[in-house]
Structures are given as structure tokens and as C-alpha cells.
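Please treat every number below as a calculation from the coordinates, not as lab data. Source: prediction; values computed, not measured. Here Cβ is always computed from backbone atoms with ideal geometry, including for glycine, and neighbour counts include all displayed protein chains.
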């Protein structure tokens with residue numbers, strides 16, 4: 001068997017030194033799984049060493065910039081100016097160290113505190129008045145960052161987006177995209193990986209959706225991603241371990257991961273990214289997770305929709321239309 005094309009792994013809940021372990025890099029290289037490595041503000045020595053080690057191992061290497069949680073962590077219109085400034089400085093620093101990545105991956109999500117409230121179905125508190133650019137300014141700032149990185153001289157850098165699956169329900173009015181504050185449609189991404197984490201769809205539904213319901217949702221999101229992004233489309237699968245939110249549901253076994261890979265490939269998506277390496281290394285035998293990710297063949301058939309999966313899609317489309325008609329109903333930033 002041969003591995004699927006375009007396999008990569010998110011590296012967030014793991015140190016750069018752990019990733020650079022010869023055993024880990026060799027296992028990833030054997031399965032042709034590239035790295036997307038989180039980089040928060042702080043010392044760069046280990047990241048630079050990892051970039052060089054990945055290059056020596058023949059692995060693709062992308063950097064995944066993040067701010068501190070207090071600054072929102074991920075990229076959105078809320079922190080666009082601060083985020084763009086950080087990314088530009090990070091790229092310049094890595095360039096000076098001869099550790100320039102092939103790609104920058106921007107994770108488009110609402111600020112982490114706001115996302116926690118959304119997932120907990122809690123209304124946001126009323127924040128104190130503060131100066132912040134309007135959403136359209138944030139969108140323009142992120143768009144300029146992407147264009148500048150792609151046109152960088154003498155070394156252009158590819159820019160990809162990690163995308164919340166809800167935005168795939170949007171039409172040209174972009175209701176959910178604007179409400180979330182995560183501009184996707186207007187920016188010329190080289191690649192877009194839709195974060196269809198079946199474990200999170202099931203877990204955050206609070207028992208409303210079962211594994212049997214989220215399997216057809218994965219297939220549907222894969223088809224929507226292909227229709228929206230064409231050859232630039234990819235899907236992120238997970239989660240093997242908990243992430244930054246701390247309460248994420250995870251795969252019960254590598255068999256569920258293999259099932260997700262089989263569904264995604266059957267739905268026409270070959271560019272797959274797994275969340276995340278930290279979870280893999282903490283659930284031995286960790287090679288079994290990599291095998292399930294790399295060697296699983298496409299399913300002979302896609303899962304049939306359930307009444308709950310159909311209802312979930314109708315709810316998403318309805319929310320998009322409502323928000324699109326009403327304009328941006330985003331809560332006050334804070």
C-alpha cells in the first residue's frame with residue numbers, strides 16, 4: 001500500500017524538542033507525514049533546530065503561528081493587527097536563522113475565550129469599552145498579510161487556512177463567516193483545511209449526535225470543502241488528544257481514526273491533516289495511530305445520512321441565511 005497524498009500532522013500540544021526526536025521524525029518520514037508546528041511568542045532555538053531536523057529528514061515543514069490566550073490565540077478579525085505583526089516578525093526571525101518554513105498555516109477561529117463561551121452555550125459578558133478595528137479592517141489586515149507572504153521576495157511562502165466547518169454552509173452573504181470573525185472567502189489561500197473533528201462534533205453536541213450521526217456529516221463536509229475550494233481543499237481529522245480548550249472529546253481508538261480517513265478519501269479528499277502529534281505520542285502504541293492515518297484505503301461507500309445529520313445540516317444552513325440577512329450579529333469584541 002502507498003500513503004495518501006498530502007498527509008500532515010498538527011503539532012500543538014507537544015514540545016519542539018519532542019517532535020525533533022529521531023524516532024518520531026523517522027516514523028513520520030516513513031509514512032510521508034509532514035509537520036505543521038505551533039509557534040507562540042518566545043524563544044526560537046528549539047523551533048529553528050526542528051526546522052533543520054525536519055529538512056534533513058525530508059519532511060515538509062509548516063509553521064502555525066499562535067498568540068497567547070489573552071490575545072485570542074488564533075487569527076480572527078478581533079486580533080488581526082497584532083497577529084499580522086507577530087507573523088511578519090516571526091517569518092523574518094526564522095529567515096535570519098535559515099529556518100524559513102515552506103508554509104504558514106493560519107488557524108481561523110474566534111478568540112479562545114469567546115469560543116469557549118460559544119461551545120458552552122453561554123452568552124458573552126458585557127466587556128468594557130475598548131478601541132478595536134471594525135471587522136472589515138481586520139479582514140483587510142489578514143488579507144494583506146497573506147498576499148505579502150505569497151509575494152515575498154526572494155522566497156515566497158505559501159499560506160494555508162484552518163477553517164471551521166460551519167463556514168461551508170455560507171453562500172455569498174457569508175453570514176457565519178462574519179459572525180465568527182474568520183474571513184475565508186475574500187482571501188486567496190493556497191490551501192484550506194476544514195477542521196471536521198468528528199470527536200468534537202459528537203462531544204460538543206452533549207449527546208444529541210452519536211458516532212453514527214457524525215460519520216455522514218464528515219462525508220458531507222468533505223464534499224462541501226471540495227466544492228468550495230477545489231484543488232486547494234483539505235480536511236483536518238481528529239482529535240487523538242485534547243487541545244487548547246482542554247475539554248475536547250477524543251477518538252475511542254485508532255479504528256475510529258481509520259474510519260474517518262476511509263470516509264474522507266471516499267468523499268474525494270486526499271489532503272488530510274491529523275490533530276495532533278501530542279495526542280498520538282501520549283497514546284501508545286503511537287505508531288498505530290500513524291498507520292491508521294497513513295495506510296487506510298478509501299471506503300467502498302459513503303455512510304448514509306441519518307435524520308439527525310440531516311437536521312444538523314439544515315440548522316447550519318438556516319443559521320447562515322439568518323445571519324446573512326441580518327448582517328453581522330457578532331457580539332461586541334472583548
Fill in: Computed E for residue 26/residue 282 - FRET, C-beta separation, R0 22 angstrom, nearest 0.05
0.70
Discussion item. Can you tell me which of 211, 96, 252 moves the most in a GNM of the chain? Springs connect C-alpha atoms under 10 Å apart.
Written reply: 96
Worksheet item: Full extension from residue 97 to residue 304: what is 0.36 nm times the residue separation minus their Cα-Cα distance, to one decimal in nm?
Response: 69.4 nm
Worksheet, complete the sentence: Over the chain, the sum of -39500 (n - 2.57) across DSSP H runs of at least four, divided by residue number and rounded to 500 deg cm²/dmol, gives at 222 nm -13000 deg cm²/dmol
Worksheet item: So, in Å, what gap is there between the alpha-carbon centers of the stretch 1-68 and the stretch 140-204?
Response: 21 Å
